[in-house]
Structures are given as structure tokens and as C-alpha cells.
Amino acid sequence: MRQQAFELQEVSVHRGERWILRDVTWAAQAGTCCAILGPNGSGKSTLARILSTHLFPTRGEVRVLGEHFGESDLPALRQRIRLVQAAGPYDIDPSLTAREAVLTGFFSTLWLYDTPTAAMLDHADQLLRRVGLRHVAEQPYPLLSSGERVRILIARALASQPDLLLLDEPTAGLDLRAREQVLATVEALFEQDQPSLTAVMITHHIEELPPATSNIILLNEGKIAAAGSAEQVLQAPILSQVYRCPLHVRRADNRYWVQVDPGAWKDLLHDP
């Protein structure tokens, strides 16, 4: 039986006069693709910050990669976790090439201060091939398309061989082809023999979940609206209630899409 990648018991986060998260219990086995789903303001980013060890909950029990919050060295644990934020507050040194951007992942830096070894260079090229970008290795990172930069960031994150990979809205702002290329990159991670890697997608768009997604938590105003497999969670009655609009769910080849009936649009403009 696989070990648990993380386990949260009755986790809550309180800020000011409100609860950002309330009594969240969720667990996932190592080697699975998971998702944190929900509308804006539902608590997705807060939950992701806990899993990335950057936020301690107000109450509740948290174990990540076998380490218990309050008893473990969180900075050391953080070295086994990588977070990819396409629109994050920090970005790669613009003077770097695509290959050099991947190489920074070995040193956990945004600039390339150290000289990579031959093994690192070879591994970086393997990662570039893995995400379908070996042909842009020498191109300046800032000149890459938005979708290419996201895939470079995923390759960079994989350089340190993390056990937990958090992908925070990795396809936000991408066109259709670029979105599908990113999702194909994530899906490919679970088509290879990597039993220890756990990935968590953070998104509010159902169509952004790759087919490998097997464990979903759906948040609504900081609470769990549903949790379980894609088939259990991605149901029209559940999603309609959470997103506060009538919608239909379509499934094909383990991908899910939602559609709001245009006949309901007028009701969406009424004051709540």
C-alpha cells in the first residue's frame, strides 16, 4: 500500500474576524494526481499554502510527506516540495536561457549563481525533452510564449526531484493549444514510473483537470463541498450549488467540461 502524501484533519485557518478554512479533512496517497477546486475566494490558495508548508493552520492536524506540523523541521521538509505559480510574485532572471532557467531548479534560486555539473546539464536536457521544449533550450526565457514558460517552470521544479508538486493555476491566461500542452505535460508525469511524485492542481476550471486526476477536494466558502474521485465530485447538482448557477457536466475520455445554459444568463445578473 502506498504511503500518504499528505493528511489533514479538521484543519481551520482564522484571519481577522472570519474563517478562511473551516474543518477541512483531506488525504491523498503518494504518487497520485490531486486537485483543489472551487470558485474564487473559496480557500484554495490558503489550503495550498498549508500543503507547501508556508502556512500553519489555526487549528487541526497536518502531515505532509510523513512529517507532522509542530514536530518537524519545516524548512527541511520544504526542500521536498515545489510550487509552480505561472503568475507568481517572483520570476526567473530575464537574462537566462530556457535551459539555464531549468538549471536554477537544482539550486533553488531564481538566478544561476553556481556552475552546473555535466550531470545537471544532461538532466536539464532530459527535462526539456520531457516537457517538449528541447528545441528552445538556447532561447531567452523572457522571449518564450506564456505556455512555454509554464512548461519550463514545471521542468525547473522537477529538477530537484520533489515528492510533492503544487501547480497553482498553471493554465491561467493561456490559449487553448497552450493549455492543452501544459495539461499533457502534467498527464505525462503519471504515465511514467514515478511512484513517489504527488501533484496537486489548484484551479477553479473543471476543464483544466488532466485525466490522471483521481482525488479532488471541492471548496466552498472555506468548507468542503465535496471530496473524492472525479466521478464523485464533478456532478452537476454539486457544482451548480457551489458555483451558484445551473450547469451541465460532460465527460469524455476522463476529461470533464461544464456548460451554463445561455437561457440562465439573465438570472446571473440579478442581485443575490
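The values are calculated or read from the model by the stated rules, or taken from the named source; none is laboratory data. Model, not experiment: these values are computed from the prediction. Counting neighbours? That spans all protein chains shown, and the Cβs are built from the backbone with ideal geometry, glycine included.
Just a few scattered comments:
- Residues that are in contact with a Pro (Cβ under 7 Å, 6 or more places away or on another chain) and either under 20 Å from residue 42 (Cα atoms) or exposed (fewer than 14 other Cβ atoms within 10 Å of the Cβ) (or both), drawn from segment 227-259: 240, 242, 243, 253
- One residue stands out in segment 56-101 among those that are aromatic (Phe, Trp, Tyr) and either surrounded by fewer than 11 Cβ atoms within 10 Å (Cβ to Cβ) or out of contact with any Asp or Glu (no Cβ under 8 Å at 6 or more places or on another chain) (or both): the one that is farthest from residue 18 (Cα to Cα), namely 90.
- Taken over segment 55-64, residues that are more than 13 Å from residue 13 (Cα to Cα) and either assigned to a loop (DSSP other than H, G, I, E, B) or touching a residue at least 60 places away in the same chain (Cβ under 8 Å) (or both) amount to 1.
- Segment 1-51, residues that are assigned to a loop (DSSP other than H, G, I, E, B) and not hydroxyl-bearing (Ser, Thr, Tyr): 1, 2, 3, 16, 17, 30, 31, 38, 39, 40, 41, 43
- Matching option when the condition is in the same structural domain as residue 6 (by TED's automatic domain parsing), surrounded by fewer than 17 Cβ atoms within 10 Å (Cβ to Cβ) and closer than 22 Å to residue 210 by Cα, among 132, 173: 173
- Candidates 227, 236: the one that is among the aliphatic types (A, V, I, L, M) and touching a residue at least 24 places away in the same chain (Cβ under 8 Å) is 227.
- Taking every residue in segment 18-36 that is of a type in the set (Asp, Glu) and pairing it with any residue that is surrounded by fewer than 24 Cβ atoms within 10 Å (Cβ to Cβ), at least 6 positions away or on another chain, the pairs with Cβ-Cβ distances below 8 Å are 23/10; 23/11; 23/12; 23/60; 23/223; 23/224.
- Taking segment 18-39 as the range and being under 25 Å from residue 185 (Cβ atoms) and of a type in the set (S, T, N, Q) as the test, the residues that pass are 29, 32.
- Segment 242-254 residues that are in the same structural domain as residue 42 (by TED's automatic domain parsing) and more than 16 Å from residue 213 (Cα to Cα), paired with ones that are in a strand (DSSP E or B) and small (Gly, Ala, Ser) (beta carbon under 6 Å, 6 or more apart): 242/225
- Search result, residues across segment 224-252 that are of a type outside the set (A, V, I, L, M, F, W, C) and closer than 28 Å to residue 265 by Cβ: 235, 237, 240, 241, 243, 244, 246, 248, 250, 251
- Qualifying positions in segment 235-260 - touching a His at 6+ places or on another chain (Cβ under 7 Å) and not in a strand (DSSP E or B): 236
- Residue 185 crowded, with 18+ Cβ neighbours inside 10 Å, β-branched (Val, Ile, Thr) and either in a helix (DSSP H, G or I) or modelled with pLDDT of 95 or more (or both): yes
- Residue in segment 216-226 that is part of a loop (DSSP other than H, G, I, E, B) and buried (at least 23 other Cβ atoms within 10 Å of the Cβ) present: no
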